[in-house]
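I have placed the structure first, in the form of C-alpha cells, so that the comments after it can refer back to it.
The values are calculated or read from the model by the stated rules, or taken from the named source; none is laboratory data. A quick note: this is a predicted structure, and the numbers were derived from the prediction, not measured. Because the Cβ atoms are built from the backbone with ideal geometry, glycine has one as well, and the counts that use them run over all protein chains shown. Just the protein is used for accessible areas: all its heavy atoms, side chains included, with ligands, DNA and RNA removed. Shrake-Rupley method; radii C 1.70, N 1.55, O 1.52, S 1.80 Å.
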Amino acid sequence: MALSDIQIAQAATLKPVLPLAQERLGIPASALEPYGHYKAKIDLAWLDRHSGPSGKLVLVTAISPTPAGEGKTTTVVGLGDALNRIGKRCVIALREPSLGPVFGMKGGAAGGGHAQVVPMEDINLHFTGDFHAIALANNLLAALVDNHIHHGNALGIDLRRIVWRRVIDMNDRALRSTVISLGGSGNGFPREDGFDIVVASEVMAIFCLATSRRDLKERLARIIVGYTRDLDPIRASDLQAQGAMAALLKDAIKPNLVQTLENNPAIIHGGPFANIAHGCNSVIATQAALKLGDYVVTEAGFGADLGAEKFIDIKCRKSGLRPDAVVIVATLRALKYHGGVDLKDLAAPDPAAVEKGLPNLERHIENIRHRHGLPCVVALNHFTSDTKTELAVLRRHMERQGVPVVMARHWAEGSAGAEELAHAVVRLAESGTAQMRFVYEDADSLWNKMKAIATQIYGASDISADSAVRARIARLQQEGYGHYPVCVAKTQYSFSTDPKRRGAPSGHMVNIRDVRLAAGAEFVVMICGDILTMPGLPREPASARIDIDDEGRISGLF
C-alpha cells in the first residue's frame, strides 16, 4: 500500500535548522530565531546587511485549476530539489497554508509525495503563528473602530459605511453576515458586520507587499476603515492604530526558513488568497531568497490568468522583481477535463479530449509569452493513467508553438524525477530572453486597466458594471487612486466569471459586481461574479480525516 503524503513526510530525516542555514545559505545562528528544531525566522536586519548577486527568479504557474488537481506547489518543491541536484544553489519561496482550506475541501498545502516541505504538520497547522498575528492586527483595528464610536465618535464615522470586517482563519459560512454590539448600551451601538477569512484581509495583502517594518507601518496607517456621512475616508491612522498593529506583526514579518524532504532550504511566508487578493508569498521572502540563492523558485496562485497576472502586474510592479523564466504546470487529466470529460472518467484514455482541452493551456502560454514577455516551459505532472498517445497529442501541439514539454515525476521520484525540468528551466533562465511586460500602465484609468485584463488575458469581448459600480470606480479615479493596480476577484476555474465554462471561452462579458479600495495594499479590487471572502466547509470536510494519537502523531492531513 502506497504511503500517504503525511506518512512520507514523517519518515523523512530532517536536518536541524541552524546548521542547515549556516552550511547551505551562510546564515549565522545569531541571525536566526528558532521555533523548535526545524523551523526558524530570519532576522530582517541581517538580511538588510547581507549583500550578494541576485539569483535567477523562476515563476511556477498553471493552467486553469480543476477538481483533479494539477500539483503546482509540488512542482515548485520538486523543481527546487532538482535544481540543487544538478548543482545550482536554489531556494524555494512559498506561501503559508490557510487553516480554512486545510480543514475544508483542499487539505494540506505543503507539496505532495516525495516533493514536500517539512515539517509538514507544523507548516499546515499553526506554523510560527504568522496568520494568528495577522488576524489579531486586523481585529484590533476592528475593535478600535467600534470603541471609538462607543466613546462619542469624534471622527463622525457613519455606521452604515464601515468597510472594515473582522477575520478568522477558518471556513465558517455562519460568520459571513453578523450583527454585533447586542446586549444593551454598554456594548456599543448595534450594527451589521461580518467576517472574512484571514487570507482575504487587507492586512495580509499589506504584509505580503511590504518591504520593511517602516513600509509595513506606513501601509497599515493608510487602511480605510469607513467613511463619514460626507464620504470622507477614515483611516487607521485617524485611530492611531498602525503602531500597535505593527507591534503585533513584529515577529511575523520575519520570513520563515524550513526545508524540503531532500534537506534543501525553503522560505515560506505570507499567503493571500489568489482569487480574492494577489495570491503570492511575501516580497520580503522572495527578496531574501534571491539574496541567498543562485536560483529561486516561487509560485503564483491558481492558473496563470489569476496568479501570474497578479504576480507580474501587482507584486513585480510594486517590488521591482523580474522573473527570468516561467513554468506552466499541466496534467493530461486536467486537459481532458477542459475538453469536457467528467471528473470520474479522467483516468480513461481519451486523446480527443486532450486535444479539445488544449486551448486552455495554449491561452495561458500565449499570455505568458506574448502578453507578459516571458519564456516558458510546460511541466506535465505524470500520472499512471497517462498514455503515450495522449502525450503525443500534447507534444505535437506544443512543438508547433515552440514550447518545450517536460514530463515531471517528482511526486513519485523526488528530485530525480524533475532533473529534465531543471535543465530546461536553466536553459530558459540563462537565455536572457525575458522581457517582462505589464498588461497595463500606471497612467491608464482603472476602467481601462480592468478592460485590458479582461480582453487581453481572459479573452473577453468587454467589461460591464451597473451605474452604482461605475460611479464608485469613477469616484476612486477622481480621488487619486487611478494609478493603483487592479486586483481582480473572480473564479479560478475559468477564464470567464462562470466556473462551469471550461477550456478557453472567448467573447464573453466580464461584469464588475463590486469594487473595493485597498489603500494600504495600494490596489483596487474589482469583484467579478460570485466570489466569497469567507468560504464555507464542504459536506465532508477534510477535518473528518485528521486525527492525533496518544504520542502526539498527527494523521490524515493529506
Longest to shortest principal axis, alpha-carbon extents of region 78-230, angstrom: 65, 35, 23
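Roughly how big is the chain's charge dipole about its Cα centre, with Cβ charges of +1 (Lys, Arg) and -1 (Asp, Glu), in debye to the nearest 20? Could the numbers behind the result be given before it?
Details: 62 positive and 60 negative charges, 195 e Å.
With only Lys, Arg, Asp and Glu charged at Cβ, the dipole is about 940 debye.
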Count neighbours as other Cβ atoms within 10 Å of each site's Cβ, and list the GluC sites (Glu not before Pro) in region 391-493 that are DSSP loop with at most 13 such neighbours. 430, 441
Ranked packing of 2-11, 335-344, most packed first, by mean Cβ within 10 Å: 335-344, 2-11
Rg(Cα) / (2.2 N^0.38 Å) computed for region 435-497, rounded to two decimals: 1.16
Using alpha carbons only, how many angstrom separate the centre of region 377-392 from the centre of region 457-505? 34
Using only the alpha-carbon atoms of the chain as identical scatterers, what base-10 log of I(q)/I(0) does the Debye formula give at q = 0.10, 0.11 Å⁻¹? -0.81, -0.99
When the helix-only estimate is applied to the chain (DSSP H runs of n ≥ 4, each -39,500 (n - 2.57), divided by the residue count), what is the mean residue ellipticity at 222 nm, nearest 500 deg cm²/dmol? -9000 deg cm²/dmol
Where Rh denotes the Kirkwood radius from the mean inverse Cα pair distance, what is Rg over Rh for region 274-347? 1.10
Taking a quarter of the surface of the convex hull around the Cα atoms of region 347-421, what do you get in nm²? 5.3
Exposure of residue 447 as accessible area (Å², to 10), given a probe of 1.4 Å and all protein chains: 60
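Starting from the coordinates of the alpha-carbon atoms of region 202-267, obtain the Kirkwood hydrodynamic radius over all distinct pairs and give the value in Å to one decimal. Walk me through the numbers before you get to the answer.
Values: mean 1/r = 0.0736 Å⁻¹.
With all distinct Cα pairs of region 202-267 included, I get 13.6 Å.
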Can you tell me which lysines have their Cα less than 19 Å from the Cα of residue 291? Leave out same-chain residues fewer than eight positions away. 41, 56, 88, 254, 315, 318
With a 1.4 Å probe and all protein chains kept in place, how do 15, 41, 88 rank by accessible area, largest first? 15, 88, 41
Can you sort 356, 291 by 1.4 Å-probe accessible area, starting with the largest? 356, 291
Amide H neighbours of residue 520 at under 5 Å, excluding residues fewer than 5 places away on the same chain, with H built from the backbone geometry, are 223, 224
Just from the alpha-carbon atoms, what are the Rg and Dmax of region 391-521 in angstroms? 19.9, 56
List the lysines whose Cα sits under 26 Å from the Cα of residue 500, skipping any in the same chain fewer than 8 residues away. 72, 106, 310, 336, 344, 356, 449, 451, 490
Residue 509/residue 348 FRET efficiency (R0 45 Å; Cβ-Cβ; nearest 0.05): 0.80
Would you please give the residues with an amide H less than 5 Å from that of residue 464, counting only those at least 5 places away or on a separate chain, with H modeled from the backbone geometry? 510, 511, 512
At a 10 angstrom cut-off on C-beta neighbours, averaged per residue, how do the peptides 75-83, 121-129 rank from highest to lowest? 75-83, 121-129
Using only the heavy atoms of the protein chains and a 1.4 Å probe, how would 237, 506 rank by accessible area, largest first? 506, 237
